[in-house]
Amino acid sequence: MPPVFRFAPSPNGHLHLGHAFSALLNFDLAVQAGGRFLLRIEDIDTTRCRPEFESAIYEDLAWLGIAWEEPARRQSDHLTAYREALDRLAAQGLVYPSFESRAEIARLVAEREANGRWPRDPDGAPLYPGSARLLSSDERAKLLRSDTPYALRLDMAAACARVGDLGWIEHGEGPDGATGTVAARPQAWGDVILARKETPTSYHLSVVVDDALQGVTEVVRGQDLFWSTSLHRLLQRLLELPQPVYRHHRLLLDDSGRKLSKSTAATGLRELRAGGKTPADIRRLVGLM
């Protein structure tokens with residue numbers, strides 16, 4: 001079977017040079033390996049994703065000379081698949097609702113940090129500090145029947161106990177130089193959110209479901225997602241999904257050393273194209289020529 005690569009942008013802004021690098025790298029690797037190249041539109045965030053940005057993604061990628069298998073997969077068309085995966089985790093007793101607001105969570109973190117720094121996940125966000133996992137079934141049922149917003153979280157301790165040791169094959173390089181066989185540390189993420197009352201999935205849940213359903217064998221993405229792979233490997237094992245090979249690539253940074261943002265017009269593909277840059281110029285700018 002030929003290897004399967006994918007590029008999976010979110011239509012919440014215009015593409016920039018960092019996106020171009022990742023898309024071109026995936027496309028080039030697929031061509032070199034005689035494999036397939038897929039495009040996935042990750043549009044589950046309905047508050048930020050807009051149709052005009054999705055149209056711009058298609059236009060920018062075509063301008064770069066990238067061809068993908070039609071049709072592109074749109075996550076908003078497959079919410080049932082994510083709900084089924086969530087139900088499978090719930091059936092294992094690994095999902096519970098938490099009802100604290102973001103402000104309440106911030107207050108809880110502040111209270112705990114009065115006695116020392118509260119642990120953070122690999123992205124720097126504080127781990128969930130609440131005690132919703134300890135609510136009685138009656139208390140949970142009462143809150144679920146009310147209009148109280150909630151998040152559905154993974155019971156990380158129970159999940160890790162169920163699967164044991166995990167790892168993945170890294171063909172790229174992590175931010176700390178990790179490569180080859182990498183030990184996964186999903187517990188570093190704490191009780192992550194898998195869905196919300198108003199949003200039936202999260203990035204972490206939908207990405208592993210999509211990769212499995214699309215037959216993706218090679219996940220090529222930025223180093224900023226390197227340690228997310230620990231969580232993704234955990235979900236893959238719990239859901240009995242196949243394990244891709246991973247290759248995390250360098251990030252393109254701005255002049256201040258920060259990862260490129262969709263709000264950075266100076267590196268936006270549309271702005272560069274309007275300024276006379278060609279697809280070959282883009283390849284040179286991202287270091288692929």
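The values are calculated or read from the model by the stated rules, or taken from the named source; none is laboratory data. Predicted model, so just to flag it, every value in this text is computed and none were measured. For neighbour counting, all protein chains shown are included, and Cβ atoms are generated from backbone atoms with ideal geometry for every residue, glycine included.
The numbered conditions (1) under 12 Å from residue 227 (Cβ atoms); (2) crowded, with 16+ Cβ neighbours inside 10 Å are all true for residue 175 except (2). Please tell me if residue 230 is closer than 30 Å to residue 76 by Cβ and crowded, with 20+ Cβ neighbours inside 10 Å. Judged against the criteria, residue 230 is a match.
Selection of region 80-95 for residues being outside any helix (DSSP H, G or I) and within 21 Å of the chain's Cα centre (by Cα) yields 94, 95. Which members of region 1-16 meet the condition of being buried (at least 21 other Cβ atoms within 10 Å of the Cβ) and either within 19 Å of residue 242 (Cα to Cα) or among the hydrophobic types (A, V, I, L, M, F, W, C) (or both)? Selection gives 5, 6, 7, 8, 15. Here the condition is being within 20 Å of residue 195 (Cβ to Cβ), touching a Lys or Arg at 6+ places or on another chain (Cβ under 7 Å) and of a type in the set (A, V, I, L, M); of 151, 125, it holds for 151 alone.
Checked against the criteria, residue 97 does not count as over 25 Å from residue 229 (Cβ atoms) and assigned by TED's automatic domain parsing to the domain that holds residue 40. The residue of region 178-200 that is surrounded by the most Cβ atoms within 10 Å (Cβ to Cβ), among those that are of a type in the set (Ser, Thr, Tyr) and without any contact (Cβ under 8 Å) to a residue 40 or more places away in the chain, is 179.
Remark: pairs (first residue in region 145-163, not assigned by TED's automatic domain parsing to the domain that holds residue 233 and of a type outside the set (Asp, Glu); second residue loosely packed, with under 15 Cβ neighbours inside 10 Å and part of a loop (DSSP other than H, G, I, E, B); Cβ separation under 8 Å; 6+ apart in sequence or on different chains) are absent.
Among residues of region 18-63 being buried (at least 21 other Cβ atoms within 10 Å of the Cβ) and more than 20 Å from the chain's Cα centre (by Cα), the one that is farthest from residue 205 (Cα to Cα) is 60.
Matching residues to (1) on the phi < 0 side of the Ramachandran plot; (2) modelled with pLDDT of 95 or more:
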{"site": "88", "(1), (2)": "yes, yes"}
{"site": "92", "(1), (2)": "yes, yes"}
{"site": "96", "(1), (2)": "yes, yes"}
{"site": "102", "(1), (2)": "yes, no"}
{"site": "113", "(1), (2)": "yes, no"}
{"site": "116", "(1), (2)": "no, no"}
{"site": "120", "(1), (2)": "yes, yes"}
{"site": "126", "(1), (2)": "yes, yes"}
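Just a yes or no: is a residue in region 70-79 of a type in the set (A, V, I, L, M, F, W, C), not in a helix (DSSP H, G or I) and not assigned by TED's automatic domain parsing to the domain that holds residue 236? Checked region 70-79: at least one residue is of a type in the set (A, V, I, L, M, F, W, C), not in a helix (DSSP H, G or I) and not assigned by TED's automatic domain parsing to the domain that holds residue 236.
Against the definition (in the same structural domain as residue 187 (by TED's automatic domain parsing), over 30 Å from residue 216 (Cβ atoms), not in a helix (DSSP H, G or I) and not small (Gly, Ala, Ser)), how does residue 140 come out, yes or no? No; evaluated as a whole, the condition is false for this residue.
List every residue pair whose Cβ atoms sit under 9 Å apart, with the two residues 6 or more apart in sequence or on different chains, where the first one lies in region 31-46 and is over 15 Å from residue 220 (Cβ atoms) and the second, anywhere, is among the β-branched types (Val, Ile, Thr). Cβ pairs passing all conditions: 41/57; 42/207; 44/199; 44/201; 45/199; 46/199. Annotation note: of 270, 258, the sole residue that is in the same structural domain as residue 72 (by TED's automatic domain parsing), closer than 27 Å to residue 193 by Cβ and either modelled with pLDDT under 95 or of a type in the set (Val, Ile, Thr) (or both) is 258. Inspect all residues belonging to region 113-129 and state whether any of them is without any contact (Cβ under 8 Å) to a residue 12 or more places away in the chain, more than 27 Å from residue 185 (Cβ to Cβ) and in a helix (DSSP H, G or I). No.
The sole residue among 29, 38 that is over 19 Å from residue 260 (Cα atoms) and in a strand (DSSP E or B) is 38.
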